[in-house]
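Laboratory data are not the source of any read-out in this text; all were calculated from the coordinates shown. Quick caveat, the model's predicted, so the values are computed rather than measured. Cβ sites come from the backbone with ideal geometry, for glycine too, and all protein chains shown count toward neighbours.
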Amino acid sequence: MNNVLILELFVGILVSFSLLGILIWAIKSGQFEDNKKAMDGLLFDSTEDLQNAVRLEEKRKKMKEAKEASKEEQSKEI
Amino acid sequence: MAKVPCSHCRLEFDESIMIQEKNNDLYFCCNGCQGVYHLLKSENLDSFYEKLGNRVIAPPLTSTNPTQSFELESFRQRYVKTTKEGFSSIDLIIEGIHCAACVWLNEKVLADSDGVLEASINFTNNKAKVIWDDEVISLAQIIDKIRSIGYNAYPYQRGSEDVKATKTRQDYFLRMSVAIFASMNIMMIDVAKYAGFFSGIKSETLELIHIAEFIFATPVLFYSGWIFFRGAYYGVKNRIVTMDLLVSFGATLTYIYSLAILFKLINGHSYFDSVAMIITFVLVGKFLEVLGKKNAVDTMDKMKSQIPLEATIIEDGAKKVVGLDEIKEGDILEVKYGEKASVDGEIITLGGLFDESSITGESHVVSKNLNDKIYSGTINMGDVIRYRATKDYANSTLSTIVTLLEDSLASKPKIEEKANNISKYFSLTILLLAIATFIGWYLYGATFEDSLINAISVIVIACPCALALATPIASLIGISWASKRGLLFKEAKFIESFAKTSVVVLDKTGTITEGKLSVKSVSNTIDSEMLGKLYALTSSSTHPISVAIKRYLEATYHDIPNIELENIAQVEAKGLKANWKNQILLGGNSSLLKDFGINVSFESHYSLYHFASEGKVIVSFELDDTIKNDALAMIAYFKKIGVRVIMASGDNTNVVSRVASSVGIEEFKSQLSPIDKANLIDTLKAEGEMVVMVGDGINDVLALSKADVAIVMGSGADVALAIGDVVILDNSLDGLQKSFYISKRTYKFIKQNLALSLLYNLITIPFAIMGFVIPLVAALSMSLSSLMVVGNSMRIGKNDE
């Protein structure tokens, strides 16, 4: 009986500390900087918003690549 | 006439004055709303309205400030930074954000623009960070995009204070999250522990529960509670007994005792739960304080964004752009249309038109003649003017207001100090009682272990949970009740000051009056042809008087003929002149007509607008600011509850006295500058009054910051909204009355709760000292006292009417 309890306790604490770790990571990465937005995000975010976020991420990547390329070109010209 | 909501902003107006699109069954309150609605439709952004739900937003903002200034080199140096990838980055404050849908719309429009790499808007403080590629899009184009959808953006400099406040907030938030997370887990484990206490529990199982609680309580004490240890250390170093010392001492003592039980050095129950609860409760309070400081920094950033960046001075006949600090007394300055005057001065060219709403609160444009005074922060609404600086920047009106506001915000949290003092004395008393209990029992002959248990019982039973909960839980219920009635209380502490109010200072424009001109009387009827001409003339100006006449014509007449006017010209500070088939049309004040040789015999105390054609006056209008419907009832309510009412306005004495007498206010002050208003509040406070200030404009900001409670109408300026302690979202005076009632009722319950928890302590602590209460029962009764306080608070919203 106690062995089962010990195991449960161990798993429970492990899971809850993992969740705590995720929470700490989320706070440190600024996801809760805007508390109102975080709450509204839960209510309103849809698949459309997720797709937009992916598109924006792709756009950022392309823009960064283009900027890098133009920088390289400029340095070659010099 | 039935009221219908605007298809864009959702504000409701009479159907007769709405712009109708019958084919689509759409109604708009203004051209701005109509424009933005169709823009969003064409850009496939109409899901904005789904996200908006039933919420109401303000009609689109129109900005007079040209975006070319965003391209100036001095602007770039001050605000634009370059990222390591070579993109440009700026911090902006977005004006006009009301809800999550507004944030979504702005972010979406910017993110969809070519060249914009990142646009993230913080909904809480309306600050935005935009990163873009200068080779693809300019900053002016980005600002234009924001303006096209009805919002406005100002740059702000992220100062070291902002960075520090953000860092502190994040640090406290992290510590508080860990504390709440661990405490919630401990509470769940507690259910098993206390259930086992009554129904029996194996000692091995209890041991496991203690281990689990130890694992959760340890980070709370040493990580979350680190702030208290640090505060206690500095307190001891400076020989001051701080609340931090008491919290850390009490929690550590209980922790050590529980550790001794865990390692079987003594027998009994552990109290890791009490350790976590004490730290968590006090930490939440501290976090709210930190949040208050961050809000003060955000408010100052909004105020500072109102300051112009640079000024054009005329030196030896040539124009020169200089920073504000370089302007000296006597310099000649030039201000173009839409620009703000940077320092105070006197006009030296022919008169102009100025929007002085930031100083007087009046929405009317004021005409300025030779030698008239110009105040910094006011906006030129006419042609280019030149003026001589009479003060340097640091001593000018706007700069003085900003400095005073900064001081006022820094010294605001006096109530918090009072609350801290009370808990400090409470904690000190309890700690001394616990020490006395320990010494008393030990000297009486009890063992060290029993003496310690009794001392711990005193600390646990007096754990300030019920006392700590008494105010916040009642306030929380009161605040959520208020929010359902459209009243936004920013912090709970204002409920107490609100309930104790003895004087209410009311601003005139926007608070007692609508702040919008409307036609009061018309001299005669207008025939169809003249109607068309007058409508065309008023439509070609954005002056508040023209807008009011146009609105009146739209509401009164149907089928107004469409007439195209030619050579429309603005006559400085007087009105408009236009041509129609060789006829000269004039629309404006009496002095405009006099200039064209037309005699006007009409006289009035109100603003006048004459329309003349071919040298004859066709029609004259009297215009006045409308008094809000519920003003009389509200003043009567204040008189009934014995609150003194003072009206304070920047407007002239005649107008202020007329408005005051028509709503039944006996005490009024007129022609007050923002600093005069703030002085009035200071004087009242020095007389020992508890002052509530109600306002809405930038001119009220300083007075609002000085008042014990600042109430702001929802339609007010962004800075005013930021500084307000209570925001009345629907702008109604009925809301003001409701907020008084809610605060008074909530405060009554706060007092009841405090009495209940103190009574509980008075009864239980003597028992604990006498050794009749073991720590476990102490912990249970402590929870019961908290439940008692929560249960009592639930009754607050019961009596809604």
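Pop the C-beta distance of B:Asn369 and B:Asn582 into the FRET formula with R0 = 30 Å and round what comes out to the nearest 0.05.
Details: r = 32 Å, r/R0 = 1.07.
About 0.40, to the nearest 0.05.
Report the extension gain between B:Phe448 and B:Leu72 in nm, rounded to one decimal, defined as 0.36 nm multiplied by the number of residues separating them, less their alpha carbon distance. Could the numbers behind the result be given before it?
Details: separation 376, 0.36 × 376 = 135.36 nm, distance 7.68 nm.
127.7 nm is the gain from fully extending B:Phe448 to B:Leu72.
Starting from the Cα coordinates of segment B:424-553, work out the convex hull volume and express it per residue in Å³.
On the way: hull volume 22.3 nm³, N = 130.
Hull volume normalised by residue count: 172 Å³.
Loop-only trypsin sites (Lys or Arg not before Pro) in segment B:497-586, please: DSSP not H, G, I, E or B, and at most 12 other Cβ atoms within 10 Å. Working shown, then result.
Working: sites: B:Lys500, B:Lys508, B:Lys516, B:Lys520, B:Lys533, B:Lys550, B:Arg551, B:Lys574, B:Lys577, B:Lys581; in loops: B:Lys500, B:Lys574, B:Lys581.
Here the sparse-neighbourhood loop sites are B:Lys581.
Give the Cα extents of segment B:161-305 along the principal axes, in whole Å, largest first.
Extents along the principal axes: 66, 34, 19 Å.
Per-residue mean of other chain beta-carbon atoms within 10 angstrom of the beta-carbon, peptide B:113-124?
On the way: counts 0, 2, 2, 4, 6, 4, 1, 4, 2, 6, 8, 6.
Average per residue, whole number: 4.
Along segment B:189-198, what does the Karplus equation 6.51 cos²θ - 1.76 cosθ + 1.60 (θ = phi - 60°) give for ³J(HN,Hα), rounded to whole Hz, x for Gly and Pro?
Once rounded to whole Hz, the list reads 5, 4, 4, 5, 5, 6, 4, x, 5, 8.
Considering only C-alpha atoms, what is the centroid distance from segment B:136-153 to segment A:37-59, in Å?
Centre-to-centre (Cα) distance: 22 Å.
Send over the Kirkwood Rh of segment B:67-158, from the inverse of the averaged 1/r over different Cα pairs, rounded to one decimal Å.
Working: mean 1/r = 0.0764 Å⁻¹.
Every distinct Cα pair counted, the radius reaches 13.1 Å.
Can you give the alpha-carbon Rg of segment B:310-408 over 2.2 N^0.38 Å, where N counts its residues?
Values: Rg = 12.8 Å, N = 99, 2.2 N^0.38 = 12.6 Å.
Dividing the Cα Rg of segment B:310-408 by 2.2 N^0.38 Å gives 1.02.
Output the relative contact order of chain B, whole-number percent, from Cα pairs under 8 angstrom with separation of 6+ residues. Mind showing how you got there, number by number?
Values: 1412 pairs, mean separation 87.2, N = 801.
Relative contact order of chain B: 11 percent.
Compute the FRET efficiency between B:Val600 and B:Lys129 as 1/(1 + (r/R0)^6), taking r as their Cβ-Cβ distance and R0 = 56 Å, and round to the nearest 0.05. Write out the running numbers ahead of the final one.
Details: r = 55 Å, r/R0 = 0.99.
Result of the calculation: an efficiency of 0.50.
Give the residue from B:Ala128, B:Met794, B:Thr403 lying farthest towards the positive end of the charge dipole for the protein assembly as shown; charges sit on Cβ (+1 for Lys and Arg, -1 for Asp and Glu) and the dipole is referred to the Cα centre.
B:Met794
Through the Karplus equation 6.51 cos²θ - 1.76 cosθ + 1.60, θ set to phi - 60°, convert the phi angles of segment B:690-707 into ³J(HN,Hα) values in whole Hz; use x for Gly and Pro.
Calculated HN-Hα couplings, in order: 9, 9, 10, 10, 10, x, 8, x, 5, 5, 8, 3, 5, 5, 4, 5, 7, 5 Hz.
Estimate the FRET efficiency between B:Thr218 and B:Asn652 by the formula 1/(1 + (r/R0)^6), using the beta-carbon distance for r and 51 Å for R0, to the nearest 0.05. Please report the intermediate quantities before stating the final value.
Details: r = 68 Å, r/R0 = 1.33.
About 0.15, to the nearest 0.05.
How long are the semi-axes of the ellipsoid equivalent to segment B:3-52, from square roots of 5 times the Cα gyration tensor eigenvalues, in whole Å, largest first?
Numbers: eigenvalues 69, 26, 16 Å².
Sorted largest first and rounded, they come to 19, 11, 9 Å.
Which one, A:Thr47, A:Ala66, A:Ser18, projects farthest toward the positive side of the charge dipole computed for chain A from Cβ point charges (K/R +1, D/E -1)?
A:Ala66
DSSP loop (so not H, G, I, E, B), at most 13 other Cβ within 10 Å: list which chymotrypsin sites (Phe, Trp or Tyr not before Pro) in segment B:163-264 pass both filters. Show your work: numbers first, answer last.
Numbers: sites: B:Tyr172, B:Phe173, B:Phe181, B:Tyr194, B:Phe197, B:Phe198, B:Phe214, B:Phe216, B:Phe222, B:Tyr223, B:Trp226, B:Phe228, B:Phe229, B:Tyr233, B:Tyr234, B:Phe249, B:Tyr255, B:Tyr257, B:Phe263; in loops: B:Phe263.
Passing sites in segment B:163-264 are B:Phe263.
Test of the criteria: in segment B:500-602, which GluC sites (Glu not before Pro) are in a DSSP loop and have at most 15 other Cβ atoms within 10 angstrom of their Cβ? Could the numbers behind the result be given before it?
Values: sites: B:Glu514, B:Glu529, B:Glu554, B:Glu564, B:Glu566, B:Glu572; in loops: B:Glu564, B:Glu572.
Qualifying residues, ordered by number: B:Glu564.
Among B:Cys99, B:Cys6, rank each residue by its count of other Cβ atoms within 10 Å, from fewest to most, as a rough exposure measure.
Numbers: B:Cys99 18, B:Cys6 22.
Fewest-to-most Cβ neighbours within 10 Å comes out as B:Cys99, B:Cys6.
List the residues, sorted by chain then number, that are 5 or more residues from B:Ile374 or on another chain and whose placed amide H is less than 5 Å from its amide H.
For B:Ile374, whose amide H was placed from the backbone, the distant partners under 5 Å are B:Gly345, B:Glu346, B:Ile347.
Given the peptides A:57-63, B:587-593, arrange them by the average over their residues of other C-beta atoms within 10 Å, most packed first. The partial results should precede the final answer.
Numbers: A:57-63: 13.4, B:587-593: 22.1.
The most tightly packed comes first, giving B:587-593, A:57-63.
Fewest first, what order do B:Val275, B:Val322, B:Val136, B:Val282 take by the number of other Cβ atoms within 10 Å? List each step's numbers first, then the result.
On the way: B:Val275 30, B:Val322 17, B:Val136 14, B:Val282 25.
Going from least to most buried by this count: B:Val136, B:Val322, B:Val282, B:Val275.
Could I get the Rg over Rh figure for chain B? Both from C-alpha atoms, Rh via Kirkwood, rounded to two places. Write down the numbers at each step before the final one.
Numbers: Rg = 31.9 Å, Rh = 30.4 Å.
Looking at chain B, the ratio lands at 1.05.
Which residue, B:Ser546, B:Gly330, B:Ala686, has the largest displacement toward the positive end of the dipole of chain B when charges sit on each Cβ (Lys, Arg +1; Asp, Glu -1)?
Of the candidates, B:Ala686 comes out farthest on the positive side.
Please order B:Thr124, B:Thr349 by the number of other Cβ within 10 Å, starting at the fewest. Working shown, then result.
On the way: B:Thr124 16, B:Thr349 13.
If I rank by nearby Cβ atoms, fewest first, I get B:Thr349, B:Thr124.
Show me, for segment B:133-149, the HN-Hα J-couplings you get by feeding each phi into the Karplus relation (A = 6.51, B = -1.76, C = 1.60, θ = phi - 60°), rounded to Hz, glycine and proline as x.
9, 4, 6, 9, 9, 9, 5, 4, 5, 5, 5, 4, 5, 5, 5, 4, 9
Add -39500 (n - 2.57) for each DSSP H run of 4 or more in the protein assembly as shown, then divide by its residues: what number comes out at 222 nm, to the nearest 500 deg cm²/dmol?
-17500 deg cm²/dmol
Full-extension gain between A:Val54 and A:Lys36, please, as 0.36 nm times their residue separation minus the C-alpha to C-alpha distance.
Working: separation 18, 0.36 × 18 = 6.48 nm, distance 2.26 nm.
Full-extension gain reported as 4.2 nm.
Would you mind giving the mean number of other chain beta-carbons within 10 Å of the Cβ of each residue in B:209-216, as a whole number?
On the way: counts 2, 0, 3, 6, 0, 0, 4, 4.
Per-residue shielding by partner chains comes out at 2.
So what are the three principal axis dimensions of chain A from its Cα atoms, in whole Å, longest to shortest?
Largest first, chain A extends 76, 33, 22 Å along its Cα principal axes.
Can you tell me, using C-alpha contacts under 8 Å and at least 6 residues apart, the relative contact order of segment B:3-52 as a whole percent?
Values: 52 pairs, mean separation 15.2, N = 50.
Relative contact order comes out at 30 percent.
How are the Cα pair distances of the protein assembly as shown distributed, in percent, across 10 Å bins from 0?
2, 10, 17, 21, 19, 14, 9, 5, 2, 1, 0, 0
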